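Beneath this line is the structure, given in C-alpha cells, with notes to follow.
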Amino acid sequence: MNNKIKLAVAGAVLSAASVANAGIIIPAGDWTIDINGNVNAFANFTNSDKTKGGAVTGALASTEDANGEGTQYGINTGLLPAWLGFTGTTRQNDVDVSFTISMQPGVSDNGVTGDGATSDSSVTNTFLARQAFVTFGDKSWGTVKLGKDLGIFASQAILNDMTLLGVGSGANTSGGALNTTNGGIGTGYMYAAWKGQISYTTPNMNGFSATVGITNPNQGSFGNAGTTATSDTQLYQDRFGIEAQAMYEWTGDVAGKVWVGGASYDVTGDVADDTTAVTTATIDSYTATAWDIGANVNMGNLGVTAYYYNGDGAGTTFMGNLGVDVQSNKFKKRDSDGGYLQATYVIPTGTKLGLAYGVSNLDKASGEDDSALIDKNERWTVAAYHPLTKHLNLVAEYNSIESEGHSSGYEMESDTFSLGAILFF
C-alpha cells in the first residue's frame, strides 16, 4: 500500500488488528506491483443554523440553502476519496526504484444524471488524479522523489487526523464541485495539498529523518485576497515553493513521533483598483511563510495527538487563501495560527473511540476593517471506528462546526452526523 495511505491507516485511526500490511502484491519480472486503495461512503445528516449578522467570508460552517432549509442530506465520500493506486518497486544497480500512479473517483454526484453530465458545472463531481511520482535511493544515503504527491508542509497534520477516515466539516459540499469533505482542514491545520515536487529525504538515523523539497509554483490564483480586494486581484507564486519537515520517531511501551515543518512562497499580484488587464495594473509582492510542530504518542490502547501551526501571509484553510488584504495598492499580510488536540482509545471490542478539538484563527491586517472576515473556524469531533474485518471499518462521526467573523454579530454554526464504512485493500 502507498506509504502515506498506510501511515494514515496505521497511525491515525485504525487499531493494529485492522491494518492491512500491503495491497494486492503481484510479482512481475524485475518488479513487484502493489495494487492498493480504498472505497468509502457515508450517509451525512447536516443541520445548519440560520446565519447571524450576515455571511462570514472564509466560513466552513454550512448555512441554510436557498429555500431557507437548514437540514441537508448526502451520500458521499469523506475526507479521503475512493482510491485506486499502483506502486511498482525494484532494486537495480544498488538503487531502490519505485513509481506510484493513482486515481481518485467519488462515490456520488449531485448532477441530475449522477454521472457528471450536467449543464451546471457547480455540481459536477471532480475526478481526481493526486499521485504520479518516481523515487530512487538507498537506505544508506536517502531517497529522491520527483512528481506529484502530498505536500511536505502540514502533511503530518492531516495524516494523524482521525477524521481522515471519516468526514469532518464540509459534508454538504462533497459530491458536488468538490470530491471530498474537509475533515479537519481549516479547523486545526492548513491543507498540505497535492503538489508537483522534487524532494530529498534523509536515511533513517536512529529514528530521525528530514525532508526538504521545492514545489511547483501555482500558476492559478495562489489565494483570495479577501473582501476588500478588488475583483480583478490575482495572486501568483513567482518562484518554487520551499517546504521542509524534520521528524523523530521512537518505539517501545510508549511509542510516538514529534515533527516540525515549514514553508515559504514568494507571491506577486495585481492590486490596481480597476478592471483593466494585468499588463496595465499596479504590481506588488510579498512572502508567505508558515511553520508547524506536532506530536503523536501511543501508550497501550491510548493515542494522543497535539498540533500547532503559525502563518504570516499564508491565510487559512488552503495555503494563500485570505492571506492578505489590499490597502492603497499594497498587500498587507494577515497573521494566522491554529491547531488541534485529539485523543483516541481502543475499547475491548476493538472499537476505537475518538474525541478532537480544532481551531484555525485569522487576524485582520494592520489597518483593516472587515467585520465579515473569518476570525476563527472551530470544530468538535466525536467518533467511533469499528474494525468489522481486517480491511473493513465501520465509522460513526459527529462534527460541530462554528465560524465567527471579526464582528461578534457574524456567526455561522452547523452540526453533522455521519454513518458509513471504509474498506482498504
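Bear in mind these aren't lab numbers, they're just calculated from the coordinates by the rules spelled out. Values in this document were obtained by computation on a predicted structure and should not be read as measured data. Every residue, glycine among them, receives a Cβ derived from its backbone with ideal geometry; neighbour counts consider all protein chains shown.
Taking other Cβ atoms within 10 Å as a rough exposure proxy, Met299, Met103 sort from fewest to most as Met299, Met103.
Measuring r between the beta carbons of Ala421 and Phe127 and using R0 = 30 Å, the FRET efficiency lands at 0.85. If R0 is taken as 22 Å, the Cβ-Cβ distance between Leu84 and Trp380 corresponds to a FRET efficiency of 0.10. With a threshold of 18 Å on the Cα-Cα distance, the over-threshold entries among Lys52/Lys376; Lys333/Lys364; Lys139/Lys257; Lys145/Lys257; Lys352/Lys390 are Lys139/Lys257; Lys145/Lys257. Scaled against 2.2 N^0.38 Å for its residue count N, the alpha carbon radius of gyration of region 276-425 is 1.37. In this rough spin-label picture, where each label sits 7 Å from Cα along the Cβ direction, the Val134-Leu341 distance is 4.8 nm. With a Förster radius of 45 Å applied to the C-beta separation of Asp238 and Asn301, the computed FRET efficiency comes to 0.35. Straightening the chain between Ser285 and Asp96 buys 63.9 nm, computed as 0.36 nm per residue apart minus the Cα-Cα spacing. Projected label points at Tyr200 and Ala28, each 7 Å from Cα along the beta carbon direction, are separated by 3.1 nanometres.
Note the full-extension length gain between Lys52 and Thr389 as 0.36 nm times their separation in residues minus their Cα-Cα distance, in nm to one decimal. Length gained between Lys52 and Thr389: 116.8 nm.
Taking the number of Cβ atoms within 10 Å of each Cβ as an exposure proxy, the fewest-first ranking of Tyr309, Tyr357 is Tyr357, Tyr309. Among His386, His391, a tally of other beta-carbon atoms within 10 Å of each Cβ gives an order, fewest to most, of His391, His386.
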